[in-house]
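Here is the structure we will look at.
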Amino acid sequence: MNTRTKSLFAAHALLPEGWRTDVLLEWDATGTLVAVTPDKRDAPAGVARAAGPVIPGMPNLHSHAFQRAMAGLTEYRANPTDSFWSWRELMYRFAARIMPETLGAIARWLYVEMLKAGYTSVCEFHYVHHAEDGTRHANPAELAQRVVDAASETGIGMTMLPVLYQFSGFGEEPPRDDQRRFVNTTEGYLDLLAALRHARPEHGALRYGVAPHSLRAVSEASLRVVIEALNDISPDAPVHIHIAEQTAEVDASLAALGARPVQWLLDRFDVNARWCLVHATHIDASETAALAKSGAIAGLCLTTEANLGDGIFPANEYLDAGGAFGIGSDSHVGVDWRAELRLLEYGQRLSRRQRNVLASHETAQVADRLFRDALEGGACATGRAVGALMPGARADWIVLDADHPNLAEQTSATWLSSVVFCEHGESPVRDVFVGGECVIRERRHRDEARHYRDYRAALARLFAGA
Ligand code: NGQ
Ligand code: ZN
């Protein structure tokens, strides 16, 4: 064995073909798996044993890190017609107070929480770029860089997607004053991306893509320029966009562009697997079929979509049509992939009055099916080699606690069902490895106390200024 190769022996591990026993996982110094060998009979001498069943770590395909610090603060009735749009007013007021140091501290704590939940990658849809008065920082990527650094300090894999935000509504409506920290010219945006890539070059745990905020916030022309510029960097780098979260957005799109947002995008751009359409919530039957066929990833953020009263994504029809999806924690009212998958199924159960709606012909266990699909789609959305225990992929995984009351005395046939659908006591996520490093050991992050202290100090500063 190469002396620089590290290894772990797992009595049970979930491989691409399903659960296997006596699996030896081997990875290299860069954190990439080089061999995954089942049926190894016995752990080779000197190899550590996983403390429980091993499953791939989950990619979180949509995050606005700063919003973690306002979770729970908008759950009151400010007016009789509270909606996504009134929440957005409060969120903008909060965004106006974010400083580089507070953003770094919030992001570090958030990523500790993600890692503890078993999210091993995050796609950060980052749009607070400028100083409070809207002027550019001397380093235009000042704020984005704090988020990138938070990922490397805590150990989570990152796809950084700086956001292009230019307009306040369809038809190139000028931006509002409270959007001034988000807004860039196309040229200014590309400079920001270049500065960031120069200061923090890509590596195994870091990749860049672009995020045109929404069809409300960019023009067809600027969207084209940004995608062409990205193609020069890397023709398969990811493109993420908020697409059809609110019915008012669909109505405005119909009025201004003459088409529903997803249809409009599919008609004009080569939408394929490099695209992630976040909140493709409001799609009609033909959009559902066409989006599924495109290979793009539907970015579903179930807890946030429920919290904001968005609506229910037609998951059953979309999955039946072979559509790909991944999950994101978005506004971070919760940071738990298990809750996202559960709510994906529960939305269907509640609206259809049926059970086990999202099981497939091949996979009768809903949790197994959704877990596998969310891994695959989520991994694709990161643009990184993650989401599977196989050679060439990052050494990212979760070690479950098989002694947890929800898993005890069961077999691998029901472990994922219990992990996803039972909600008792502490999390069954015991240890978490990212790039072969054990970043969560017995439910604790190595620097948890320090990151929590910094987070509290950031909250105190934010709330003092409220
Ligand atoms: C966001 N929120 O980017 O945070 C948006 C609202 C906007 C969600 N899409 C911001 N859930 O529309 O400007
Ligand atoms: Zn979002």
Problem - Hydrodynamic radius by Kirkwood, which averages 1/r over all alpha carbon pairs of segment 81-236, in angstrom - result: 16.2 Å
Completion exercise
Residues whose modelled amide H sits under 5 Å from the amide H of W19, counting only those 5 or more places away in sequence or on another chain, are none
Practice task
Would you calculate the separation in nanometres between label points at S351 and A364, each defined as 7 Å from the Cα along the Cα-to-beta-carbon direction?
Solution key: 2.7 nm
Exercise for the section: Work out, in µm²/s and without decimals, the Stokes-Einstein translational diffusion coefficient of segment 177-303 at 25 °C, 0.890 mPa s, Rh from Kirkwood over C-alpha pairs. Expected result: 157 µm²/s
Practice task
Give me the number: length gained by fully extending N231 to A29, i.e. 0.36 nm times residue separation minus the C-alpha to C-alpha distance, one decimal in nm.
Solution key: 69.7 nm
Exercise for the section: Return a whole-number percent for the relative contact order of the chain, with Cα pairs under 8 Å and 6 or more residues apart as the contact set. Expected result: 20 percent
Exercise for the section: Given the peptides 245-252, 458-465, arrange them by the average over their residues of other C-beta atoms within 10 Å, most packed first. Expected result: 245-252, 458-465
Practice task
Treat segment 188-259 as a sphere of radius equal to its Kirkwood radius over Cα pairs and apply Stokes-Einstein at 4 °C in a medium of 1.567 mPa s; give the translational diffusion coefficient in µm²/s, rounded to a whole number.
Solution key: 94 µm²/s
Exercise for the section: Mind computing the radius of gyration and Dmax over the alpha-carbon atoms of segment 267-382? Å is fine for both. Expected result: 13.2, 38
Problem - 3J(HN,Hα) from dihedral phi, segment 387-397, Karplus parametrisation 6.51/-1.76/1.60, rounded to Hz, x for glycine, proline - result: x, 8, 8, 7, x, x, 8, 4, 7, 10, 7
Practice task
Quote the convex hull volume per residue of segment 77-162, based on C-alpha atoms, as a whole number of Å³.
Solution key: 116 Å³
Practice task
Could you rank the peptides 187-194, 350-357 by their average count of other C-beta atoms within 10 Å per residue, with the highest value first?
Solution key: 187-194, 350-357
Problem - Rotationally averaged projected area of the chain (alpha carbon convex hull; nm²) - result: 22.1 nm²
Problem - Alpha-carbon centroids, segment 227-258 and segment 129-205: separation in whole Å - result: 17 Å
Practice task
Could you give me the radius of gyration and the Dmax of segment 1-155, taking only the C-alpha atoms into account and expressing both in angstrom?
Solution key: 21.5, 67
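A413 to R41: FRET efficiency via 1/(1 + (r/R0)^6), r the Cβ-Cβ distance, R0 25 Å, to the nearest 0.05?
Working from the Cβ atoms, E equals 0.65.
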Handout entry: Mean Cβ neighbour count within 10 Å, used as a protection proxy, ranking 110-120, 90-100, 424-434 highest first
Key = 110-120, 424-434, 90-100
Completion exercise
In whole angstrom, the spacing between the Cα centers of segment 307-368 and segment 23-58 equals 31 Å
Fill in the blank from the handout: To the nearest 10 degrees, the tilt of helix 448-464 (Cα long axis) against the first principal axis of the alpha carbons of the chain is 20 degrees
Practice task
Taking the Cα centre of the chain as origin, sum charge times position over the Cβ atoms of Lys and Arg (+1) and Asp and Glu (-1), and report the length of that vector in debye to the nearest 20.
Solution key: 820 debye
Fill in the blank from the handout: Placing +1 on each Lys and Arg Cβ and -1 on each Asp and Glu Cβ in segment 195-336, then taking the dipole about the Cα centre, the residue among S219, S331, A292 whose Cα reaches farthest towards the positive end is S219
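Quick note: the coordinates plus some simple rules give every number you see, no bench work behind them. These numbers come from a predicted model, not from an experiment. Don't worry about glycine lacking a Cβ; one is built from the backbone with ideal geometry, like all the others, and counts go over all protein chains shown.
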